[in-house]
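The values are calculated or read from the model by the stated rules, or taken from the named source; none is laboratory data. Remember, it's a predicted structure, so these values are computed and weren't measured experimentally. As a convention, Cβ positions derive from the backbone with ideal geometry for all residues, glycine included, and neighbour counts pool all protein chains shown.
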Amino acid sequence: MPANRFNGFTEYGVGIGLRIPHYQHIFEQKPVVDWFEIISENYMVDGGRPLYILDQILDQYRVVQHGVSLYLGSAERLNREHLRRLKELVRRTKTPWLTDHLCWGSVDGRYTHDLLPMPYTFEAARVTAEKIRHVQDFLEIPIAVENVSSYAEFHVSEMTEWEFLVEVVEQADCGILLDVNNIYVSSRNHGFDALEYVNSIPAERVAQIHIAGHSKFQKYTLDTHDHPVIEPVWQLYKRSIERCGSTATLLEWDDNIPSFEEVHREALKANCFLDQQHESAGIRPISTVVSQPGAM
Amino acid sequence: MTSQLLQLQRRMATAVMEPLTRQETTRKIRRDGAVMAREASVFIKPNASLTSLERLEIYNKQYWFRLYSSLEDDFPGLLAVLGRRTFERVMRCYLDTYPSTSFTLRDLGSKLLMYLSSHEALTGGKSKLVLDVVGLEWAHIEAYDAATFPAPEPKYFAGITDDSLLRLQPSVRLLELSYPVDDLLISIRQSIGSSDTSSNNASVTRKSSTIRYVGKISPTNLWLAVHRQEFAVYYKRLRPEEYRMLCGIQAGLPLGEVFGTAFQGSTMDEASQADLLQEAFHQWAVLGWLCAPE
Ligand SMILES: [Fe+2]
């Protein structure tokens, strides 16, 4: 939803991920960008350049924190040191909401540093929802969980991925970061209907949407974030916007990163769909309000 | 009772963290004797185009590719000294013994120096050089994002006595080395640049940097401070007396003791010692290395 309790009642528009190759351009050109998403882990440090850069960005831009290692679906307990550092960063960035993935990645204190898929069981949903509630209580900001791309399914699963997502977010009473590229990638790998997934999401819980590119191989599709967004993913985005309204949107580009302008241009394509949505809702199109990239 | 979720996660993590073959594929037989295809089929569903094992292999490869590339980013000097084949063999053994126990990849190499100190055979005739390189590369990582504490008020220095205490900024790291690895790392880092990020994407192939191989390096004793200025990390060579003083300060010794140990066995006359003290403290203050005691 455009502004809801899962994104701190904000209307953030279209953002891009803050990446090192773009620092120079951002500081020299000061481009107009609705918002930046930062990877929390890159700034959960004691000092030095990462925090210096972040403070400069925070002076000029709105920032939302996105994490890659909370592992809300791991059976083990949350890592206290992780939560302490995360809260310190939340105070610094004043992120209106915080996102991480609906996945697991550590067991018995050993970390794989990967976003491993969940078994879609009622037990896993309960454990994950409890942990999300704990994080939400500790950080005192809304949490939205992101559906991941996956390459494997488990025999023990008792429901579909989207049923599991709904089960978790309702039990945790948290938001959703809907990654439409991940839905597409997983639908290719597991042979489900991506549109059915999008249509099954509780639209009122969607805090934010991710779009990205991926790589197709003969036997599977990999979530590489190294290409422009493909048309079927834009169509899933369109449908998501129809259902959820004009929601904060972010383009992820993590590998073979092109120029800042190219990444931002790709992200701003989302405005076509957001404008259509605004028109059908009788609201002034967003692209007349938001400046074009590099306009300063 | 172990939950079904925990059981599945243990099973999958063990499979994902199993080292790859030399051809970078999933092993057919695991080192504990388990047949991987059978193991994978117990918990992973096959689909029309991939077997359970092939699906597992995607994660098995991603795990190793991601970790190797993170270690390559953090230890380019070690990669240059060992060459890729040995580097990867050493890293595989290291990660097998010490899998990551931190949420951040930044800490992945935190036990590497300790590991290599007790496994010198892994790096053969180069083990002393290797330990120097790894020590410096880890100090570099620690200096890069360490906290900064406030400097002491100027009046603190005026009232200093033998019992006074000082602290070093956490970004100052002290090393006693047997090889000039500072010059080596400066040239390697200049040629490759460096990165410091986490992300959440998968990689098509393994990311590997171009390696600069290193010729023979002659041993030299040297004392080094790794420190940070304007958010960049620098290496500064020290005189042994300076090194000993800084180690004393870092260990929390009162200044009287710091001075005493610094000149133990030194042939320097008293006047020269006084000059060195004054010059060294002035320089450390200018560089912002000193901070007030807690
Ligand atoms: Fe995403």
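Details
- Across region A:187-218, the qualifying residues are those that are more than 12 Å from the ligand (Cβ to nearest atom) and polar (S, T, N, Q), and the one among them that is surrounded by the fewest Cβ atoms within 10 Å (Cβ to Cβ) is A:Q218.
- Restricted to helices (runs of 4 or more DSSP H) entirely inside region B:153-256, no element has at least 3 residues that are within 16 Å of the ligand (Cβ to nearest atom) and either at pLDDT 95 or above or surrounded by fewer than 14 Cβ atoms within 10 Å (Cβ to Cβ) (or both).
- Cβ-Cβ distances below 8 Å connect the following pairs, each with a first residue in region A:211-227 that is facing another protein chain (nearest Cβ under 7 Å) and among the aliphatic types (A, V, I, L, M), a second residue that is away from the ligand (no atom under 15 Å from the Cβ) and part of a loop (DSSP other than H, G, I, E, B), and a separation of six or more residues or different chains: A:L222/A:Y151; A:L222/B:V204.
- B:A13, sole failed condition from (1) under 30 Å from B:E142 (Cα atoms); (2) in contact (Cβ under 8 Å) with a residue 12 or more places away in the chain; (3) surrounded by 17 or more Cβ atoms within 10 Å (Cβ to Cβ); (4) not charged (D, E, K, R): (2)
- In region A:238-249 there is no residue matching the filter, namely being facing chain B (nearest Cβ under 10 Å), under 25 Å from A:G175 (Cβ atoms) and within 15 Å of the ligand (Cβ to nearest atom).
Every residue, every condition in (1) of a type in the set (G, A, S); (2) surrounded by fewer than 21 Cβ atoms within 10 Å (Cβ to Cβ); (3) more than 16 Å from the ligand (Cβ to nearest atom), yes or no:
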| site | (1), (2), (3) |
| --- | --- |
| A:Y220 | no, yes, yes |
| A:Q235 | no, yes, yes |
| A:W253 | no, no, no |
| A:I257 | no, yes, no |
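- Across region A:146-158, not a single residue is classified as within 14 Å of chain B (Cβ to nearest Cβ), surrounded by fewer than 24 Cβ atoms within 10 Å (Cβ to Cβ) and part of a helix (DSSP H, G or I).
- Only one of A:Y220, A:Y237, A:Y197 that is more than 30 Å from B:A40 (Cβ to Cβ) and among the aromatic types (F, W, Y): A:Y237
- Scanning region B:260-272 for residues being at pLDDT 90 or above and either of a type outside the set (G, A, S) or touching a His at 6+ places or on another chain (Cβ under 7 Å) (or both) gives a total of 0.
- Residue within region A:227-246 that is under 19 Å from A:D100 (Cβ atoms) and of a type outside the set (F, W, Y) present: no
- Matching residues in region A:1-29 - criterion: being within 13 Å of A:H264 (Cα to Cα) and outside any helix (DSSP H, G or I): A:G13, A:V14, A:G15, A:I16, A:G17, A:L18, A:R19
- Which listed residue, of B:T104, B:T97, is surrounded by fewer than 17 Cβ atoms within 10 Å (Cβ to Cβ), closer than 30 Å to A:T224 by Cα and either modelled with pLDDT of 95 or more or among the aliphatic types (A, V, I, L, M) (or both): B:T97
- Long-range neighbours under 8 Å by Cβ, at least six apart or interchain, first residue within 14 Å of chain B (Cβ to nearest Cβ) within region A:173-187, second within 12 Å of the ligand (Cβ to nearest atom) and part of a helix (DSSP H, G or I): A:N181/A:V233
- Residue check for A:A270: in contact with a strand residue (DSSP E or B) (Cβ under 8 Å, 6 or more places away or on another chain) and either modelled with pLDDT under 90 or away from the ligand (no atom under 16 Å from the Cβ) (or both): yes
- Some residue of region B:22-35 being in contact with a strand residue (DSSP E or B) (Cβ under 8 Å, 6 or more places away or on another chain) and under 30 Å from B:R106 (Cα atoms): no
- Given (1) charged (D, E, K, R); (2) more than 25 Å from A:H210 (Cα to Cα); (3) more than 7 Å from chain B (Cβ to nearest Cβ), number of the condition A:E130 does not satisfy: (2)
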